[in-house]
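Nothing in this text is a laboratory measurement; each read-out follows from the coordinates by a stated rule. Fair warning: this is a prediction, and the values are worked out from it, not measured in the lab. Glycine also receives a Cβ, built like all others from the backbone with ideal geometry; neighbour counts cover every protein chain displayed.
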Amino acid sequence: MLKILGRANSFNVRKVLWICDELGIAFEREDWGRGYMPTSTAEFLRINPIGLIPAVIDDGVVLRESNSIVRYLATRHGPDEIYPKDPVKRAHVEQWMDWANYETSISLRGAFLGGMLHEPPWNNPWFIEQGRNQITKEVGQLDEHLDRGGPYMCGDTFTVADIPVGLVVNRWFSLDFERPALQRRCRLLRQTRRARSLSAPRAKRPALILFFSPSSSRGGVREAERRVR
Ligand SMILES: N[C@@H](CCC(=O)N[C@@H](CS)C(=O)NCC(=O)O)C(=O)O
């Protein structure tokens with residue numbers, strides 16, 4: 001059985017939980033990371049020398065990097081539409097995954113880790129301000145993209161691109177600074193709600209509902225915990 005190493009309240013571990021839920025992949029999970037077993041131990045570093053969660057072990061194969069794990073699981077267990085083989089469609093999916101993992105992870109370090117969790121070294125006021133401005137701009141770009149198409153990131157079907165981006169949207173709504181009204185903010189909210197309502201009844205996917213839900217990141221953790229225990 002697939003083994004996931006990482007705490008369920010981690011942004012990046014949640015991507016793996018989401019794809020498992022989406023595709024009905026059975027797994028067991030161990031709590032590693034901040035507040036649980038430290039990833040700096042020799043035991044963890046033997047599995048992932050980079051020292052970050054998530055890591056997974058699948059039939060003896062060890063993998064790290066959340067987006068890579070999501071794509072691997074989608075390739076092994078998913079239908080083509082969720083991670084298309086067509087090179088153009090695939091590139092459209094991957095560009096949003098890369099965007100979420102690089103661009104928004106930098107800004108969320110300032111806006112979330114610094115601004116909300118007050119975690120050094122990200123809690124430098126300049127860095128917090130920079131992160132808040134940047135994530136506002138990025139969510140605005142996302143908003144415009146969804147406005148042009150949607151309801152999913154790559155059109156009318158759910159793909160693995162929706163997983164990291166959905167988690168970014170979820171985190172955006174949890175940020176506690178005075179967020180400037182985005183031009184199409186209501187539309188973005190509507191689009192993400194639409195995404196979850198389109199998907200949820202089809203296959204009864206509670207994790208998808210929770211992870212997309214703007215106000216329930218804590219609920220998401222609790223639900224994820226219930227599901228894996
Ligand atoms: N690029 C990596 C980033 C992984 C990462 O930053 N993980 C965080 C949690 S979201 C972590 O390991 N934090 C240290 C900890 O929890 O101890 C990925 O996408 O998997």
antiparallel share of DSSP beta bridges within the range 2-78, to nearest 5, in %, is 60 percent
For the range 157-165, in residue order, the Karplus 3J(HN,Hα) values (coefficients 6.51, -1.76, 1.60; θ = phi - 60°; whole Hz; Gly and Pro = x) are 10, 6, 10, 5, 4, 5, 6, x, 5
Debye calc, one equal point scatterer per Cα of the range 2-78, no solvent, log10 I(q)/I(0) at q = 0.11, 0.13, 0.19, 0.21 1/Å comes to -0.23, -0.33, -0.70, -0.86
Once both label points are put 7 Å beyond Cα along the C-beta direction, the Val62-Asp176 separation in nm becomes 3.8 nm
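Using 1/(1 + (r/R0)^6) with R0 = 22 angstrom and r between the beta carbons of Glu144 and Tyr102, what's the FRET efficiency to the nearest 0.05?
Details: r = 19 Å, r/R0 = 0.87.
E(calc), rounded to 0.05, equals 0.70.
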Expected vector for the range 94-106, Karplus 3J(HN,Hα) from phi with 6.51, -1.76, 1.60 and θ = phi - 60°, integer Hz, x for Gly and Pro, equals 5, 5, 6, 5, 5, 4, 5, 6, 9, 4, 6, 6, 5
Treating every alpha carbon of the range 1-139 as one equal point scatterer without solvent, the Debye formula yields log10 I(q)/I(0) values at q = 0.14, 0.15 Å⁻¹ of -0.76, -0.85
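How charged is the neighbourhood of Thr39? Take every other residue with its Cβ under 13 Å from the Cβ of Thr39, and add Lys/Arg as +1 and Asp/Glu as -1.
+1
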